[in-house]
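Structure first, then comments.
The values are calculated or read from the model by the stated rules, or taken from the named source; none is laboratory data. Model, not experiment: these values are computed from the prediction. Methodologically, a virtual Cβ is constructed for each residue, glycine included, from the backbone with ideal geometry; neighbour enumeration extends over all protein chains shown.
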Amino acid sequence: MKPFEYLQLKWRAIAWLVIGRHATALETFDQMAQRWPDDPYLLASRVHLLGEAGRTADALEASSRLVAVQPDNAGHWFNRGYMLEAAERWDEALAAFRRATELSPKLDRAWYGMGLVLIRLQRYDEAVDALKRNTELQPMSPYGWYQLARVHVDRQAPEEAIKIIKHLQGFEPKVAAQLARETGLVPVQPTL
């Protein structure tokens with residue numbers, strides 16, 4: 001059980017958040033971190049608020065500590081990968097997304113993030129695998145399908161991209177039309 005002082009400070013920080021005083025809440029969490037440096041709740045709160053404040057380097061430092069304290073938490077690894085991707089630290093982001101998917105194979109967002117990083121690294125065959133896994137887990141989300149079609153175009157496999165455009169026409173016609181415009185690929189409509 002946490003000491004009374006911890007709970008008091010935690011609720012104070014939450015109150016600051018509720019009224020929109022994020023910088024003051026962060027100061028409170030920083031104060032708490034002096035006493036409880038390995039507390040996962042504090043670390044996660046600091047990562048979030050530091051990232052929100054645009055303090056990427058500090059957020060990544062706190063995230064590094066968080067995954068060291070809770071190395072088996074897929075969500076922490078996903079969030080770290082997301083921040084590393086935004087910082088264009090591709091290899092580190094890929095490692096973080098991989099760890100997230102190892103810990104939670106059904107974490108569709110991590111598969112998607114991994115796919116995006118692999119695209120940036122021009123590792124298209126691996127990106128296909130990651131994005132296929134994402135679309136298996138989130139079949140009605142157009143984002144994975146869109147990226148998968150784009151990768152197939154980059155891999156010189158237009159027939160695969162056309163299949164995806166046809167598939168998207170069934171539930172996301174606007175995304176299908178956008179892909180057709182961007183790629184110049186138009187699925188052949190069956191004649192009656």
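For segment 49-64, does any single residue satisfy the condition of being out of contact with any helix residue (DSSP H, G or I) (no Cβ under 8 Å at 6 or more places or on another chain) and either in contact (Cβ under 8 Å) with a residue 40 or more places away in the chain or within 22 Å of TYR112 (Cα to Cα) (or both)? Within segment 49-64 (the criterion being out of contact with any helix residue (DSSP H, G or I) (no Cβ under 8 Å at 6 or more places or on another chain) and either in contact (Cβ under 8 Å) with a residue 40 or more places away in the chain or within 22 Å of TYR112 (Cα to Cα) (or both)), the answer is no, since none of the residues qualifies.
Of all residue pairs spaced 6 or more apart or on separate chains, those with beta-carbon atoms under 7 Å, a first member in segment 8-30 that is under 16 Å from GLY51 (Cβ atoms) and a second member that is acidic (Asp, Glu) and surrounded by fewer than 18 Cβ atoms within 10 Å (Cβ to Cβ) are HIS22/GLU52.
Going residue by residue through segment 142-149, is there one that turns out to be closer than 30 Å to LEU50 by Cβ, touching a helix residue (DSSP H, G or I) at 6+ places or on another chain (Cβ under 6 Å) and not small (Gly, Ala, Ser)? Yes, the conditions are met somewhere in segment 142-149.
Of everything in segment 103-123, what is aliphatic (A, V, I, L, M), part of a helix (DSSP H, G or I) and over 13 Å from LEU137 (Cβ atoms)? Give them in sequence order. The answer is LEU103, LEU116, VAL117, LEU118, ILE119. Entry remark, segment 139-154: residues being under 14 Å from the mean Cα position of the chain (by Cα) and either in a loop (DSSP other than H, G, I, E, B) or surrounded by fewer than 20 Cβ atoms within 10 Å (Cβ to Cβ) (or both) number 1 in total.
The residue that is nearest to the chain's Cα centre (by Cα), among those in segment 15-55 that are loosely packed, with under 14 Cβ neighbours inside 10 Å and among the β-branched types (Val, Ile, Thr), is VAL18. Beta carbons closer than 6 Å, at least 6 apart along the sequence or on distinct chains, pair a first residue in segment 172-187 that is surrounded by 15 or more Cβ atoms within 10 Å (Cβ to Cβ) with a second that is modelled with pLDDT of 95 or more and basic (Lys, Arg) for PRO187/LYS166. Would you please name the residue that is farthest from ARG65 (Cα to Cα), looking only at residues in segment 1-35 that are modelled with pLDDT under 95 and of a type in the set (Phe, Trp, Tyr)? Checking each candidate, the answer is PHE4.
Scanning segment 68-82 for residues that are in a helix (DSSP H, G or I) and free of Cβ contacts under 8 Å to residues at least 12 places away in the same chain yields a total of 1.
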